[in-house]
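Okay, structure first, notes after.
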């Protein structure tokens, strides 16, 4: 049986390590490159472990990790280009679920 913290960690990890977002924007903005979770210094560990290391204080967790998807695709409606940022990370997700 999982604890509440483990369950919360697993649901967050689904987004952090395997979530995909598609956006449409009028033009390119460099901020798009900062959107994926891998830009966080806490990236690479299951969320429950990050939360534990933060003393279970959610406000101490880097917001780039807590609220960002694994990958972002931005369709530039002016140029027609699609820009991709980030990538999926099955290994950390599987670790979170206790498979690895």
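List of remarks:
- Out of 100, 64, 59, 51, one residue alone is surrounded by 18 or more Cβ atoms within 10 Å (Cβ to Cβ) and within 23 Å of residue 3 (Cβ to Cβ). It is 51.
- Subset of the stretch 21-37 (residues that are within 7 Å of residue 70 (Cβ to Cβ) and in contact with a strand residue (DSSP E or B) (Cβ under 6 Å, 6 or more places away or on another chain)): 36
- Pairs meeting the criteria (first residue in the stretch 7-33 and over 28 Å from residue 80 (Cβ atoms), second residue assigned to a strand (DSSP E or B), beta carbons under 8 Å, at least 6 apart or on different chains) are lacking.
- Residue list for the stretch 12-34, restricted to those being farther than 19 Å from residue 98 by Cα, buried (at least 16 other Cβ atoms within 10 Å of the Cβ) and under 11 Å from the mean Cα position of the chain (by Cα): 21
- Filter pass, residue 37 being in contact with a helix residue (DSSP H, G or I) (Cβ under 6 Å, 6 or more places away or on another chain) and either without any contact (Cβ under 8 Å) to a residue 60 or more places away in the chain or surrounded by fewer than 19 Cβ atoms within 10 Å (Cβ to Cβ) (or both): yes
- In summary, residue 64 fulfils each of the numbered conditions (1) farther than 15 Å from residue 8 by Cα; (2) at pLDDT 95 or above with the single exception of condition (2).
- Residues that are farther than 16 Å from residue 30 by Cα, in contact (Cβ under 8 Å) with a residue 40 or more places away in the chain and part of a loop (DSSP other than H, G, I, E, B) within the stretch 72-100 comprise 87, 88, 89, 97, listed in sequence order.
The values are calculated or read from the model by the stated rules, or taken from the named source; none is laboratory data. Everything quoted here is computed from the prediction, not taken from an experiment. Note that each Cβ is placed from the backbone with ideal geometry, even for glycine, and that neighbours are counted across all protein chains shown.
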